[in-house]
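What follows is calculated from the coordinates using simple rules that are stated; it is not laboratory data. No experiment lies behind these values; they were computed from the predicted model shown. Every residue, glycine as well, gets a Cβ built from its backbone with ideal geometry; the counts of neighbours run over all protein chains shown.
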Amino acid sequence: MNKKKIINTLETIATYLELKGENPFKISAFRKAAAALENDPRSIEEIEDVTKIKGIGKGTAAVIHDLLETGESSDLTSLKEEVPAGLPLLLKIPGLGGKKIAKLYQELGVDSADSLKAACESGKVGELAGFGKKTVEKLLKELETFGQRSERHPIWQLEENVKEINAVLEAIEEIERFSVAGSFRRVAETSKDIDFIIASAQPLVVKDKLLAALSYTEIVAAGDTKISVILAGDDAANADFRIVTDAEYPTALHHFTGSKEHNVRMRQIAKERDEKISEYGVEQPDGSVLTFETEKAFFNHFDLPFIPPTLRAGHTEFERHADIPHLVTLADIRSDLHMHTTWSDGAHTVREMGEALIERGYDYAVITDHSHYLKVANGLTPERLEQQKEEIYAFNHAHPEFHLLRGTEMDILPDGSLDFSDDVMSSLDFVIASIHSSFSQPQEQIMERLHTALKNPHVDMIAHPTGRVIHQRDGYNPDMAQLIAWAKEYGKILELNANPYRLDLCVEHLEMAAKAGVPVAINTDAHAIEQLRYMDIGTKYAQKAWLYKDMIVNTWSFEKFMDFLNNK
DNA sequence: GCCGTTTTCGGCCCGACTGTTTTCAGTCG
């Protein structure tokens, strides 16, 4: 039995219970059980007694056993008989929750978006107690776009929005400090909306200036301290703003950074000490409210070190916080091993990239333009690769304090061969091998291609090992356990591609690589100078897999890195 | 439904906003 199916079943039961208007704590018990199972690192076969896991008791364990024995959950089956199949979908309509949907169904027989629309138009919804004119108007409006807007947006789509909003907020002088919060700050792969926390003594002025400067299509809510809009643009995201006083800012930022599970744990910790956490501070037993200068001071108050937003998942961060000082941070990074220049499909020259790398404070880096198979990217022939050498040597001559290495991002061809000969590869300092074609081959064939690359002594690293693009394509589905085993056997590096649209390897795979002792490189794959900043996203993403600095090759000194290449 | 070194019953994180109310329920994060 697939653990994922068990988790999904528990969550689905929670959804159905919600539509029945069940006790909210019972509903959340099923969600907690699902989360507890998901956070447990063991496979379902490895777990002897599920009730030993905190959050799983008699009821939820019965569902799990049912699934393990019959492949189905009889509880879910009977819920599905009671609750029409169309109702769970209606939960996605903003403003509708379980109780309202239950009422609409029981009183009016509403069981789909279409029947809801008809009931709204006929005026029947407006006559229900608790529903009024505005609710009907809002529902009809939501129904127009129902099913068209994405629920979650990949962070590479939201990055632009965040940059624009940052610029808007920078320009408002009444703002003392502000920050993006929410899943974007935690560097989640996808995000439902964008949250900002703003410190200001003049919230109303800030609200007016903010709404005047933002480009939005709709105001969802605009109170004295909370503003929510749908941003302009196709498939646009929501942006939420909270305005608090400067004293409240650190606790508000913490609160709205989440995750929800992390906050629940923090509040439990506070409660054990007779304290109460809210976004405005920490309430003491005598009713007074403590505030803090910084998030760090807030954590310290609870005898915890500063927990980076990336780690705030609500499970291991409270037990493993002694490891936090070992985790990789942007400040540890001394090089970037994957980037493109105008020689292939990059926007800047070797010299421009090199100067930008020095500007970032790195000690060394590798220029890795595409190889000739990739014609759409103007990939380099062995001859052009040779010509590029002059430019790289000239740069090194002009910057003796820095080491710009010669490399390539070489294609692994569909037939399993490599795009350069051993001779060409051996003339380079660093060879990346990667797949850019024939993604749909069967797994054995994909693995065959990767194996050829990994066992070649001149290849140093596999880039973006799964080829996924978040929310767009799944990649070529390699057998990751096998790939990691080969990387270990042949002494190769696996990449964490820091481009926010890739983030490949993903957290789960990074954890596997770390467990196997395979070195990882965090690279930007920059095609322009401004993409070198993706290193920040990459190091934060690596923290989510609890990767130590020592495991990351580009935190090593130039000497250590060269030693590794020469002795691998 | 889950949990328990004050507990096997009575809690379960906390607050803003909206729309419907006439003091609050529902939704959302």
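Quick notes on this structure:
- Put a plus charge on the Cβ of each Lys and Arg, a minus charge on the Cβ of each Asp and Glu, and nothing anywhere else: the dipole of chain A about its Cα centre is then about 1540 debye.
- Semi-axes of the equivalent ellipsoid for the range A:258-320, Cα gyration tensor, largest first, Å: 19, 13, 10
- Within the straight-line cut-off of under 20 Å between alpha carbons, the lysines reachable from A:Lys568 are A:Lys455, A:Lys488, A:Lys492, A:Lys515, A:Lys549, A:Lys560, sequence neighbours fewer than 8 places apart in one chain being disregarded.
- Centre-to-centre, using Cα atoms only, the range A:421-500 and the range A:210-233 are separated by 44 Å.
- With a Förster radius of 25 Å applied to the C-beta separation of A:Glu72 and A:Ser28, the computed FRET efficiency comes to 0.55.
- For the range A:153-246, the alpha carbon positions stretch 34, 26, 20 Å along the principal axes, listed from largest to smallest.
- Going from the fewest other Cβ atoms within 10 Å to the most, the residues A:Tyr362, A:Tyr534 appear in the order A:Tyr362, A:Tyr534.
- Charge-dipole axis of the range A:487-565 as Lys and Arg at +1 and Asp and Glu at -1 on Cβ define it, positive-most pick from A:Ala526, A:His509, A:Phe564: A:His509
- Neighbourhood charge, 12 Å Cβ-Cβ cut-off, centred on A:Lys226 and excluding it, Lys, Arg +1 and Asp, Glu -1: -2
- Compactness index (Cα Rg / 2.2 N^0.38 Å), the range A:1-93: 1.06
- Solution diffusion estimate, µm²/s, Stokes-Einstein, chain A, Kirkwood Rh from C-alpha pairs, 10 °C, viscosity 1.306 mPa s: 59 µm²/s
- Euclidean distance of C-alpha centroids, the range A:60-95 and the range A:278-344, integer Å: 37 Å
- Of the cross-linked pairs A:Lys134/A:Lys192; A:Lys133/A:Lys226; A:Lys99/A:Lys134; A:Lys117/A:Lys226, those separated by over 28 Å at the C-alpha level are A:Lys117/A:Lys226.
- Look at the dipole of the range A:322-385 built from charges on Cβ: of A:Val350, A:Leu385, A:Met339, the Cα furthest out on the positive end belongs to A:Leu385.
- Rounded to the nearest 20 debye, the dipole size of the range A:153-246 about its Cα centre is 240 debye, using +1 on the Cβ of Lys and Arg and -1 on the Cβ of Asp and Glu.
- Bridge type composition, chain A - antiparallel percent by DSSP, nearest 5: 45 percent
- Candidate aspartates and glutamates - alpha carbon under 17 Å from A:Lys296, same-chain residues fewer than 8 apart omitted: A:Asp246, A:Glu248, A:Glu279, A:Glu317, A:Asp323
- The Cβ shell under 11 Å around A:Thr341 holds other residues with a net charge of -3, Lys and Arg each +1, Asp and Glu each -1.
- A straight line joining the Cα centroids of the range A:113-129 and the range A:1-30 runs 28 Å.
- Computed [θ] at 222 nm, deg cm²/dmol, chain A (DSSP H ≥ 4; -39,500 (n - 2.57); rounded to nearest 500): -13000 deg cm²/dmol
- Leading residue at positive end of dipole, the range A:127-187 (Cβ point charges), from A:Phe178, A:Asn161, A:Gly132: A:Gly132
- Rg to Rh, two decimals, where the range A:330-567 supplies the alpha carbon set and Rh follows Kirkwood: 0.93
- Two-site FRET efficiency, A:Asp274 against A:Phe558, from Cβ-Cβ distance with R₀ of 60 Å, rounded to 0.05: 0.65
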